[in-house]
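Just so it is clear, none of the values below were taken in a lab; they were calculated from the coordinates. Note that the structure is a prediction, hence the values are computed from the model and not measured. Note: ideal-geometry Cβ built from the backbone for every residue, glycine included; neighbour counts use all protein chains shown.
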Amino acid sequence: MKPWGQSVHPLTNVARELRLSVLDMINSAGSGHLGGSFSSLDIMTALYFTDIFNFDRDHFILSAGHLCPTLYAILAKKNKIKNSLLSTYSQIDSILEGHSSSTVPGVEFSSGSLGQGLSFASGLALGDKDHHTVCLTTDGEHDEGQIWEAIMFANKYHQGNLINIVDYNGQQIGGTTNEIMPLEELAAKYIRFGWTVQTINGHDYYALQKALKIAKNSSIYPACIIAKTTMSKGISFMENDYHYHDVKKLSPEVYKLAHNELEK
Amino acid sequence: MNWKNSNLSSMREAFADTIFDLAKDDSDLYVVSVGLRPSILMDKFALRYKTRFIEVGVAENNAAGVSAGLAKSGKNVFLCTYACFSPGINLATIKQSICENNLPVKIIGFHGGLLTGELGSSHQMLEDIALMRSLPTMEVFAPLDSIETIKMTRVLAKSNRSTYMRLVRPDTPSCYPPKKGFTIGQSQILQTGKDVTVLGYGPILTQAIGLKPSLEIINISSIKPLDEKTILKSIKKTGRCLVIEDHQQIGGLGEAVATLILKSGLKCKFAQIGVDNQFGRSSHDPLDLYRLYGLSTTDIITKINYLISKK
């Protein structure tokens, strides 16, 4: 979807910095959900570093709270929180909890228990019809019945100002989503539930921008963007391997290998 | 107080009427319903305030999440359904989406206790107070009767904290002193006495009114925060305490008061009336259930005599 004559999207450099930041955060904490933080990173980059939405007015609800390292890195880059805080992630005296907490400036929703964010986003979109509410869920999270309750609700209330982006990396903590609980055909399910659906490559900034603009212009239909992603995107030896859903302390060798790949 | 010869009135109706009145002046007041609109007497509200009556369907987790989101946008939200479903089903969503986000959703739990009668165990919520009082930031209330329901609803509508209020299904005696108001964190002395302090919440407490010997009956409608000062002052005077509740003894007000007494160092003879680690069951006359589960007026008299007899 790349326009002629343009080789590197301006967001590429932003995302590279963020990935390094997230890697360092998880490395210094000695644990964190690396796989999903990296698969969702380009999505969150497109949300926060384009002018499609303004999250001083529009709302971003991170339903999957374990992806918070990426959100924290973004908030630091946006000067909502101090950059020096990032190295304190999940430490006892830090405001950066292991799962996202609304006590952090710029975080609208405390999460960690999966499946709740879309309900919250629906309520928020209903109460604030002048702005858009963008929710980020994961494919694995769709095992939760509450997600489907919210999907039905958004259809009933014609929530054109609600967008749900699914970070579809095909993996969850104990295996592929297909093994754990088959989800397909997800796009067809959303359509049958009354939503508009776009399926895109969740690492293609052109595709992400276009999809977000289309979703934003929806009048009465809630909009779903199924963003096909790669778990641990950017670190080749961790990609698409569910063992990297969450990581413990990285060895100095592994950290260096990962760091070098991301710097390229 | 004998219920059969009393003027009975409906707490459900009192709540529904009060909410309807409050919505006139508060254009941000929303009711989130979970598929039980007729039973929670919200037909009138739904008809008059169509856009502020949000029907979520039989989906308690989504209801708690939507309520939290609405509250986040600045709305004054009452989440209304049976207590056995909310918080019975959606505890984790209440904890995270409402409490951890520090949002002032008012959760109204209808059909609390054995008083729910013939609907049986599945619909008789006996664990709501235990669940709700254990959540950080959550405040917990249970009015005595329809009069207090009105006063309490008006106060809670102005509260900016996460709130749980328990109501009951049948019509019950009205005996709340009309001149007394309701304040969060304060109890009301319904009857002064010197021999036994009787504490409780909800209609079951009215069973103790007028019994012998000299009872100091205190209505603990604010269960959390608890009016520790008034409770301890009375126990210091009487040296005996009976806690009455239509709820499991485990996790209820009785445990809260027992802990309070132990921490205070006061000497006190203590007894409890409440459901003793059992499920409820059906009965068309809920007072038959009180007799079966040891919560009747006769049982209260037995416990008082036991406390009096103890040296």
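Scanning the stretch B:74-102 for residues that are farther than 16 Å from residue B:37 by Cα, surrounded by 24 or more Cβ atoms within 10 Å (Cβ to Cβ), more than 8 Å from every other protein chain (Cβ to nearest Cβ) and out of contact with any Leu (no Cβ under 6 Å at 6 or more places or on another chain) yields B:90, B:94, B:98.
With respect to the stated conditions, residue B:71 fails to be surrounded by 24 or more Cβ atoms within 10 Å (Cβ to Cβ), within 8 Å of another protein chain (Cβ to nearest Cβ), free of Cβ contacts under 8 Å to residues at least 60 places away in the same chain and under 20 Å from the mean Cα position of the chain (by Cα).
Restrict the check to the stretch A:164-184 and report whether at least one residue is within 14 Å of chain B (Cβ to nearest Cβ), surrounded by 24 or more Cβ atoms within 10 Å (Cβ to Cβ) and closer than 21 Å to residue A:68 by Cα. There is at least one residue in the stretch A:164-184 that is within 14 Å of chain B (Cβ to nearest Cβ), surrounded by 24 or more Cβ atoms within 10 Å (Cβ to Cβ) and closer than 21 Å to residue A:68 by Cα.
Of the strands (runs of 3 or more DSSP E) lying entirely inside the stretch B:212-311, the ones with 3 or more residues being under 20 Å from residue B:188 (Cβ atoms) are found at B:215-219, B:222-224, B:240-248. I'd like the full set of residues that are under 20 Å from residue A:129 (Cβ atoms) and either without any contact (Cβ under 8 Å) to a residue 40 or more places away in the chain or outside any loop (DSSP other than H, G, I, E, B) (or both), limited to the stretch A:203-244. Of everything in the stretch A:203-244, those that are under 20 Å from residue A:129 (Cβ atoms) and either without any contact (Cβ under 8 Å) to a residue 40 or more places away in the chain or outside any loop (DSSP other than H, G, I, E, B) (or both) turn out to be A:212, A:213, A:214, A:215, A:216, A:217, A:223, A:224. With respect to the stated conditions, residue B:63 fails to be crowded, with 24+ Cβ neighbours inside 10 Å and in contact with a Pro (Cβ under 7 Å, 6 or more places away or on another chain).
Scanning for something β-branched (Val, Ile, Thr) and either crowded, with 21+ Cβ neighbours inside 10 Å or within 26 Å of residue B:287 (Cβ to Cβ) (or both), does the stretch B:164-179 turn up at least one residue? Yes: one or more hits.
Within the stretch B:57-68, if we keep just the residues that are among the aliphatic types (A, V, I, L, M) and more than 7 Å from chain A (Cβ to nearest Cβ), the residue that is nearest to the chain's Cα centre (by Cα) turns out to be B:64. Here the condition is being touching a strand residue (DSSP E or B) at 6+ places or on another chain (Cβ under 9 Å), of a type outside the set (Val, Ile, Thr) and within 14 Å of another protein chain (Cβ to nearest Cβ); of A:211, A:150, it holds for A:150 alone.
Residue pairs whose Cβ atoms lie under 9 Å apart, separated by 6 or more positions or on different chains, with the first residue in the stretch B:272-296 and more than 19 Å from residue B:254 (Cα to Cα) and the second among the aliphatic types (A, V, I, L, M) and surrounded by fewer than 18 Cβ atoms within 10 Å (Cβ to Cβ), are B:281/B:292; B:282/B:119; B:283/B:292. Being surrounded by fewer than 24 Cβ atoms within 10 Å (Cβ to Cβ) and part of a helix (DSSP H, G or I) is the filter here, so list the residues in the stretch B:103-131 that pass it. Listed by number, the residues that qualify are B:115, B:117, B:118, B:119, B:121, B:122, B:123, B:130, B:131. Of all residue pairs spaced 6 or more apart or on separate chains, those with beta-carbon atoms under 6 Å, a first member in the stretch A:93-104 that is under 14 Å from residue A:61 (Cα atoms) and a second member that is among the small types (Gly, Ala, Ser) and not in a loop (DSSP other than H, G, I, E, B) are A:99/A:65; A:100/A:65.
Would you check if there is a residue in the stretch B:234-249 being surrounded by fewer than 16 Cβ atoms within 10 Å (Cβ to Cβ) and closer than 26 Å to residue B:184 by Cβ? Looking through the stretch B:234-249, at least one residue is surrounded by fewer than 16 Cβ atoms within 10 Å (Cβ to Cβ) and closer than 26 Å to residue B:184 by Cβ. Taking the criterion of being under 16 Å from residue A:55 (Cα atoms), at the interface with chain B (Cβ under 10 Å from one of its Cβ atoms) and touching a His at 6+ places or on another chain (Cβ under 9 Å), the residues of the stretch A:85-134 that qualify are A:108, A:109, A:121, A:124, A:125, A:128, A:131, A:133.
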